[in-house]
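The values are calculated or read from the model by the stated rules, or taken from the named source; none is laboratory data. From a predicted model like this one, the values you see are computed outputs, not experimental measurements. Reconstructed Cβ throughout: ideal geometry from the backbone, glycine too, with neighbour counts over all protein chains shown. Heavy atoms of the whole protein, side chains included, go into the accessibility calculation; ligands, DNA and RNA do not. Shrake-Rupley method; radii C 1.70, N 1.55, O 1.52, S 1.80 Å.
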Amino acid sequence: MANVAAASTLAGGRSRTASVALMLRRAALVAVVVVALVGLWELYRWIWSSAGWTWPFAVDDTSMPHVWTIGKAFGQPAQVNQPALITILLHKMAFTAKEAAAGFAIGAVVGFVLGVVLVHSRLLQRGFLPYIVGSQTIPILAIAPMVVVWVNPKLPESLQGWGAVAVIAAYLTFFPVAINTLRGLRSADPRALDLMRTYAASRWAVLWKVRVPSSLPYVFSAFRLAATASVVGAIIGELPSGIQDGLGGAIINFNQYYSLEPQELWATNVIAAALGIAFFVIVVLAEKAVVHRAPETTA
């Protein structure tokens, strides 16, 4: 008995050591990739500046500032008597993250419900699927002002402004979730479906015991796409709504001074990219906790 306990403890220790080693290797890989990208940026800038090449665009301090110039901008105030730029951008990032998270949640729920409804009716698939696909061909910039005008007056005062932006983010989110949910629900093992029918299982039982578990890799694959799309939708949605508290307002503001201070707009882009990556990583961690296997091996 003592030997079994000791072996179990040793195996657990080895497993934790392997996990830590894997995390360190991944962190080192990320660091190497970042350094390589910075090196390629500066190498490209040096070659084009030295050779005087202008294709695809002229390279100078305005079009491609140095990486260290962008990094230095984070610690400097954007305007006189203001806090450091990084402080301002983090506050704006938190506001945009709230809009994107709400939009992601709404879009994920709507997309999943649509997938569940469509998988149970061929007629509804033929009738509604073309319109669902067609809805994504309309430019979001054309829809955003209309959504703000339609939705804002109907929201409580505490949700006005950013609530409409969340709806715009949900618009970009629901489509991949709906399509992948439908595909995942269809991927259930036919033998398992036949077995459930032999037991006279209800559609509800078949859905939650067979179809949903088999669809999880597909659903989380859609969540990964939708997570970054919700951030894009939130930033774009802030433009017509006139919201200045998010990253969209910061992009408009710093775009006006791009010819003089381009590093501030580049710094805002870096923060926006970091927010999208954070959303993606959260979904990946949730996927590992729920699915327990890589979707590439099953989807």
### Given (1) touching a residue at least 12 places away in the same chain (Cβ under 8 Å); (2) farther than 18 Å from THR268 by Cβ, index of the condition ASN81 fails
(1)
### Query
Of all residues in region 39-65, how many are loosely packed, with under 14 Cβ neighbours inside 10 Å, under 30 Å from the mean Cα position of the chain (by Cα) and either part of a loop (DSSP other than H, G, I, E, B) or at pLDDT below 90 (or both)?
4
### Query
How many residues, within region 80-119, are touching a Phe, Trp or Tyr at 6+ places or on another chain (Cβ under 6 Å) and either more than 14 Å from ILE235 (Cα to Cα) or open to solvent by 50 Å² or more (accessible area, probe 1.4 Å) (or both)?
5
### Flag if ALA102 is out of contact with any helix residue (DSSP H, G or I) (no Cβ under 7 Å at 6 or more places or on another chain), closer than 24 Å to PHE223 by Cβ and assigned to a helix (DSSP H, G or I)
no
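Residue-wise test of (1) under 21 Å from the mean Cα position of the chain (by Cα); (2) hydrophobic (A, V, I, L, M, F, W, C); (3) on the phi < 0 side of the Ramachandran plot.
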position	(1), (2), (3)
ALA144	yes, yes, yes
TRP150	no, yes, yes
LYS154	no, no, yes
GLY163	yes, no, yes
ILE179	yes, yes, yes
ALA192	no, yes, yes
#### Entry: Residues of region 181-203 satisfying the condition of being open to solvent by 30 Å² or more (accessible area, probe 1.4 Å) and closer than 25 Å to GLU287 by Cβ
ARG183, ARG186, SER187, ASP189, ALA192
